[in-house]
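One structure is given here, and the rest of the page talks about it.
The values are calculated or read from the model by the stated rules, or taken from the named source; none is laboratory data. Values in this document were obtained by computation on a predicted structure and should not be read as measured data. Ideal geometry is used to build each Cβ from the backbone, glycine not excepted, and the neighbour counts take in all protein chains shown. Surface areas here come from the heavy atoms of the whole protein model, side chains and all, with no ligands, DNA or RNA. Shrake-Rupley method; radii C 1.70, N 1.55, O 1.52, S 1.80 Å.
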Amino acid sequence: MRGARRALQVVGLLAATVLPMVLGGACADSPQRRDEASMASAAAGSNVPAPPTVDRSKCSDKGKQIVTADTNLDKKPDVWKFFTAVQQGGQSVSVLSCKQVDLNHDGKIDVVQYYDESGNQMTLEEADLDFDGQFDVTIYYVNGKKVRKEEDTNLDKKPDVWTYYEDDKIVRIERDTDYNGKVDEWQYYEGGKLDRIGYDTTGTGRLDRWDRAPEGDTGGGAPGEQPAGGAAPATTPPAAGATQPPAATAPPAVAPAATQTAKK
């Protein structure tokens, strides 16, 4: 009996120590954790400036009144407007927070527009220009003006061209020409015209060669640095917590009591 009891104690000890270590090691090496680690590593190694922060809950149907429109008169909605109730002057008023549009009437959303607290100015616009079911262009606005556009030119669900604006004019275009998540070409514009181009030819994420650089410049600056004598590049408003735009989705489910239909 003592021997049997001792054996059970040993088995229990092993179960309490070795088994959690084995399971813990398996969990730590799970595909999900490996993917999260890879994503964190990729984000840490990126040389792309973070975009302005946008409140994506603006397009959630939770607590919103949704008004639809049928623009092609096929008895199916193709425009969805989300309104949020806010207090203004002691009264509750409805403010536009989001607009979604099915441009080609195939039942999928092709354009999503986010609005500011006043409902008058856009803060973000996403578009599926080739109607393949995923957004390939994202445009950020600050105070109603376009400041940054992201494009996915190879359709891998990741932006590879970033265009920056000041007063609605292009001042800089950054490109990831080898699609590895890092900018390796910087184009600077002066007065609406291309002035100079910087390249990363070594894969370090830093400029090491210039075309049409001012005389005497040796390059080698950090991403976003201008050649000596050149105008400063555009800067984007400080932001944090950038997220990957979601893929285009089917239209939101609308509760009949919260929906009004307007036909044009």
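Phe131 fulfils the conditions (1) closer than 27 Å to Ser57 by Cβ; (2) in contact with a Gly (Cβ under 6 Å, 6 or more places away or on another chain) except for a single criterion, (2). Restricting the search to strands (runs of 3 or more DSSP E) fully inside the range 166-212 and requiring at least 1 residues that are farther than 15 Å from Glu151 by Cα and open to solvent by 80 Å² or more (accessible area, probe 1.4 Å) gives 169-175, 193-199, 209-211. Per the conditions (1) in a loop (DSSP other than H, G, I, E, B); (2) of a type in the set (Asp, Glu); (3) farther than 30 Å from Asn104 by Cβ, the sole criterion not satisfied by Asp130 is (3). For the range 113-130, the count of residues that are open to solvent by less than 10 Å² (accessible area, probe 1.4 Å) and among the polar types (S, T, N, Q) is zero. Being assigned to a strand (DSSP E or B), under 21 Å from Gly191 (Cβ atoms) and of a type in the set (Val, Ile, Thr) is a description that does not apply to Ile139.
Listed here are the strands (runs of 3 or more DSSP E) enclosed by the range 1-118 that have at least 3 residues being aromatic (Phe, Trp, Tyr) and either touching a Pro at 6+ places or on another chain (Cβ under 8 Å) or modelled with pLDDT of 50 or more (or both): 79-88. Here Ala262, Ala253, Ala258, Ala231 are screened, and the one residue that is among the hydrophobic types (A, V, I, L, M, F, W, C), at pLDDT below 95 and farther than 30 Å from Asn104 by Cα is Ala231.
The set of residues in the range 131-150 being surrounded by 15 or more Cβ atoms within 10 Å (Cβ to Cβ), acidic (Asp, Glu) and touching a Leu at 6+ places or on another chain (Cβ under 9 Å) consists of Asp136 alone. Considering (1) touching a Gly at 6+ places or on another chain (Cβ under 8 Å); (2) of a type in the set (Val, Ile, Thr); (3) in a strand (DSSP E or B), the lone condition that Thr163 does not fulfil carries the number (1).
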